[in-house]
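The values are calculated or read from the model by the stated rules, or taken from the named source; none is laboratory data. Just so we're clear, the structure is a prediction, and the values are computed from it rather than from any experiment. Here the Cβ positions follow ideal geometry from the backbone for every residue, glycine too, while neighbour counts run over all protein chains shown. Accessible surface is based on the protein model in full, side chains and every heavy atom, while ligands, DNA and RNA are left aside. Shrake-Rupley method; radii C 1.70, N 1.55, O 1.52, S 1.80 Å.
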Amino acid sequence: MAEAGDENLYAAARDIARALGKDPSAAGDILQILSGYGATGNTSSNSRGSTASRGDANLNRSLNSLERQISSYIVEDRPIWSDPVDSRSFLDAVDDLLAVAGDLRSMAGDKSVAVCLSRADELIQQVMFRLQEEFGYVMDRASESFDSDDEFSGEEDNDIGYDQVIVARPVTDYKIVIEPLQSSVIGDLNAIAVRMVAGGFGKECSRVYSSRRREFLEESLSRLHLRGLSMEEVQDSPWQDLEDEIDRWIKAVTMVFRVFFPSERLLCDRVFSDLPVSSVTDLFFMEVCRGTTTQLLNFADAIALGSRLPERLFKVMDLYEAVEDLIPKMETLFSNKYCSPLKHEAVAIQKRLGEAVRGIFMELENLIRRDPPKTAFPGGGIHPITRYVMNYLRAACKSRQSLEQILDHTGNDAGSETRPLSVQLIWVLELLESNLEGKKRTYRDPPLCFLFMMNNGKYILDKATDNELGSILGEDWIVKHAAKLRQYHSNFLRSSWNQVVALLRTESPYSKLIENLKQFKARFDEVCLMQSQWVVTDEQLREELRSSVAGIVSPAYSSFVGRLKASPEINGRRGEPFIPYTVEDLELRIKGLFKER
């Protein structure tokens with residue numbers, strides 16, 4: 001009866017400690033107070049001497065009782081958390097065990113206390129292993145409890161309550177935070193986590209939690225159709241496949257850092273609230289996010305380290321800008337010391353993507369240099385290399401700000417007259433013009449050389465007018481290039497039609513005039529036949545050339561015919577000389593010059 005009374009007294013002390021809001025480990029102090037009641041003043045000294053021994057015995061009896069109670073749960077095959085009553089009772093027993101262990105540590109020094117403490121620690125370890133299993137069970141049960149029809153869809157008519165289980169799924173609204181576990185489940189996990197950390201099993205708790213949440217994130221990424229390519233697989237994949245994967249990657253990163261990770265942060269804060277060290281939550285959050293973050297960054301890194309073919313520029317720029325947008329979000333989400341390496345890696349990968357962009361521009365220059373003259377391009381039209389380079393540069397300039405950031409590593413500020421991007425573009429265009437000059441020499445007919453340069457020059461000028469590319473090149477470049485175009489125009493007329501018209505500029509005798517007229521007709525017919533097969537794609541340029549030719553030929557022909565008819569030698573002859581064309585006939589023939597393609 002005395003032993004039972006002492007045990008009850010200790011249990012009462014624990015209850016009082018809880019009621020006062022103190023840790024149950026304070027039961028030992030309260031027990032000493034309670035045990036002093038009823039003692040007389042002259043026996044107080046003896047009471048103090050015997051209190052310690054009675055306390056040792058009480059703790060030992062409490063330990064025995066807890067061992068029987070806890071062991072009955074540990075040997076159970078079914079999960080403890082399958083029954084709310086059992087789980088609550090088990091947690092109370094765990095709290096009592098931790099309190100007893102705390103009291104025993106405070107009484108260290110006595111051999112009997114050391115034996116009890118060893119037993120308590122061994123029991124705590126068994127409890128922690130069982131709590132670890134229960135923690136995983138609760139998480140697994142929560143993930144299995146939802147029905148596929150209740151998945152989060154982002155639709156307005158979904159009545160999503162706080163206690164509903166929600167699983168991430170592709171959505172278009174990137175300004176939401178989802179609650180992936182029920183509130184009651186979060187409460188259970190928090191209760192287990194607090195005991196595991198108190199029992200020195202924080203790492204094991206983190207391992208179970210992070211592994212389950214990583215599985216959730218992996219499943220979420222698979223719903224976004226990411227293939228999860230390794231570095232080697234990225235290097236071996238066709239670029240067309242990688243372009244599609246980059247598009248999916250950008251969408252996935254947006255979803256992960258705007259929805260999934262903020263939701264995981266909220267969940268982590270709730271599950272691991274009330275822990276004595278707040279940084280533990282940061283560590284657990286990092287363990288959850290590290291794998292997904294590393295997988296995403298590795299893909300971007302593999303692209304950065306891949307081929308520098310010019311056609312890759314635009315998707316590499318997309319990746320560069322996506323990572324740039326990602327870094328501030330990482331600064332917010334990964335603000336603790338545990339996540340710093342992930343932030344630093346993202347910054348390093350963005351730099352490598354920038355290096356890739358610079359390398360791609362160098363490869364573009366090499367592509368232009370290596371494009372050989374070969375045979376003359378039919379009809380003197382716009383060469384494919386011209387179309388490729390101009391459309392390439394124009395598209396690239398849509399990412400002007402990022403390109404300037406990447407290429408501006410000379411320290412120039414925004415107020416500089418010339419910026420590295422403009423210098424880079426002008427250099428590429430100079431290489432293109434030099435390449436076209438080499439191709440021009442493949443034509444045997446000088447007028448066709450100038451027409452070729454005019455066609456390509458007009459295309460270059462049009463592509464650089466009234467857009468971002470022209471803004472970067474600057475007004476001076478536009479003016480200089482327009483002057484070159486006018487010079488090509490002038491050279492074309494001088495090398496072809498001026499020679500034709502020269503046959504009409506003579507004051508020779510009548511017989512010579514008649515001979516020149518015949519030569520003019522033959523030459524005119526020859527040039528018209530030839531130039532009607534030449535190509536002038538731009539309608540405005542085509543009309544300008546026809547107008548220029550008519551402006552030279554028509555007045556000269558009209559004047560020549562007038563002189564011929566007014567010649568003194570025609571007087572006395574029968575009839576007028578044969579005139580092959582009227583001025584209108586000539587102008588009609590001139591309108592047939594040049595074809596569109």
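Remarks
- Test: residue in segment 200-219 that is in contact with a helix residue (DSSP H, G or I) (Cβ under 6 Å, 6 or more places away or on another chain) and free of Cβ contacts under 8 Å to residues at least 24 places away in the same chain: no
- Qualifying position, being at pLDDT below 85, surrounded by fewer than 20 Cβ atoms within 10 Å (Cβ to Cβ) and under 31 Å from the mean Cα position of the chain (by Cα), among GLY154, GLY161: GLY154
- Members of segment 560-583 that are part of a helix (DSSP H, G or I), open to solvent by 30 Å² or more (accessible area, probe 1.4 Å), touching a helix residue (DSSP H, G or I) at 6+ places or on another chain (Cβ under 9 Å) and modelled with pLDDT under 90: ARG563, PRO568, GLU569
- Residue check: CYS528 meets all listed conditions (1) under 28 Å from GLY562 (Cβ atoms); (2) open to solvent by 20 Å² or more (accessible area, probe 1.4 Å) but one, namely (2).
Okay, residues lined up against (1) buried (at least 17 other Cβ atoms within 10 Å of the Cβ); (2) closer than 19 Å to GLY199 by Cβ; (3) among the hydrophobic types (A, V, I, L, M, F, W, C):
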{"site": "SER82", "(1), (2), (3)": "no, no, no"}
{"site": "VAL100", "(1), (2), (3)": "yes, yes, yes"}
{"site": "LEU104", "(1), (2), (3)": "yes, yes, yes"}
{"site": "VAL113", "(1), (2), (3)": "yes, no, yes"}
{"site": "GLU133", "(1), (2), (3)": "no, yes, no"}
{"site": "TYR137", "(1), (2), (3)": "yes, yes, no"}
{"site": "GLU144", "(1), (2), (3)": "no, no, no"}
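- When segment 308-333 is filtered for residues that are in a helix (DSSP H, G or I), of a type outside the set (D, E, K, R) and more than 12 Å from the chain's Cα centre (by Cα), the ones remaining, listed by number, are PRO310, LEU313, PHE314, PRO328, MET330, THR332, LEU333.
- Residues that are aromatic (Phe, Trp, Tyr) and within 13 Å of the chain's Cα centre (by Cα) within segment 220-264 comprise TRP249, PHE257, listed in sequence order.
- Looking across segment 334-393, the residues that are among the small types (Gly, Ala, Ser), open to solvent by 10 Å² or more (accessible area, probe 1.4 Å) and outside any helix (DSSP H, G or I) come down to SER335, ALA376.
- Residue identified as over 28 Å from LYS398 (Cβ atoms) and touching a residue at least 60 places away in the same chain (Cβ under 8 Å) among LEU333, LEU319: LEU333
- Flag for GLN424 being more than 30 Å from GLN531 (Cβ to Cβ), modelled with pLDDT of 90 or more and either assigned to a loop (DSSP other than H, G, I, E, B) or open to solvent by 60 Å² or more (accessible area, probe 1.4 Å) (or both): no
- LEU504 being assigned to a loop (DSSP other than H, G, I, E, B) and open to solvent by less than 20 Å² (accessible area, probe 1.4 Å): yes
- Of all residues in segment 336-358, those that are of a type in the set (A, V, I, L, M, F, W, C) and without any contact (Cβ under 8 Å) to a residue 24 or more places away in the chain total 2.
- Qualifying residue in segment 84-97 (condition: within 25 Å of MET196 (Cβ to Cβ) and either at pLDDT below 75 or not in a helix (DSSP H, G or I) (or both)): no
- Total residues in segment 224-242 satisfying the condition of being part of a helix (DSSP H, G or I) and either crowded, with 16+ Cβ neighbours inside 10 Å or touching an Asp or Glu at 6+ places or on another chain (Cβ under 6 Å) (or both): the figure is 2.
- Taken over segment 389-421, the residue count meeting the criterion of being at pLDDT below 95, in contact with a helix residue (DSSP H, G or I) (Cβ under 8 Å, 6 or more places away or on another chain) and of a type in the set (Val, Ile, Thr) is 2.
- Matching residues in segment 308-333 - criterion: being farther than 25 Å from CYS289 by Cβ and open to solvent by 10 Å² or more (accessible area, probe 1.4 Å): ARG308, LEU309, GLU311, ARG312, PHE314, LYS315
To keep it simple, each residue is scored yes or no on (1) farther than 15 Å from LEU326 by Cβ; (2) buried (at least 22 other Cβ atoms within 10 Å of the Cβ); (3) touching a residue at least 12 places away in the same chain (Cβ under 8 Å).
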site	(1), (2), (3)
SER222	yes, no, no
ILE246	no, no, yes
ALA252	no, yes, yes
CYS268	yes, yes, yes
SER279	yes, no, yes
PHE284	yes, yes, yes
GLN295	no, no, yes
ILE303	no, yes, yes
GLY306	yes, no, yes
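- Among the residues making up segment 270-285, a single one is aliphatic (A, V, I, L, M) and at pLDDT 90 or above: VAL271.
- Residues that are without any contact (Cβ under 8 Å) to a residue 24 or more places away in the chain and either surrounded by 20 or more Cβ atoms within 10 Å (Cβ to Cβ) or not hydroxyl-bearing (Ser, Thr, Tyr) (or both), drawn from segment 450-472: ASP466, GLY470
- Answer from ARG195, ARG212, ARG207 - the residue that is in contact with a Leu (Cβ under 8 Å, 6 or more places away or on another chain), at pLDDT 90 or above and under 30 Å from ARG88 (Cβ atoms): ARG195
- Selection count where residues are assigned to a helix (DSSP H, G or I), touching a helix residue (DSSP H, G or I) at 6+ places or on another chain (Cβ under 7 Å) and not hydroxyl-bearing (Ser, Thr, Tyr), scope segment 532-559: 7
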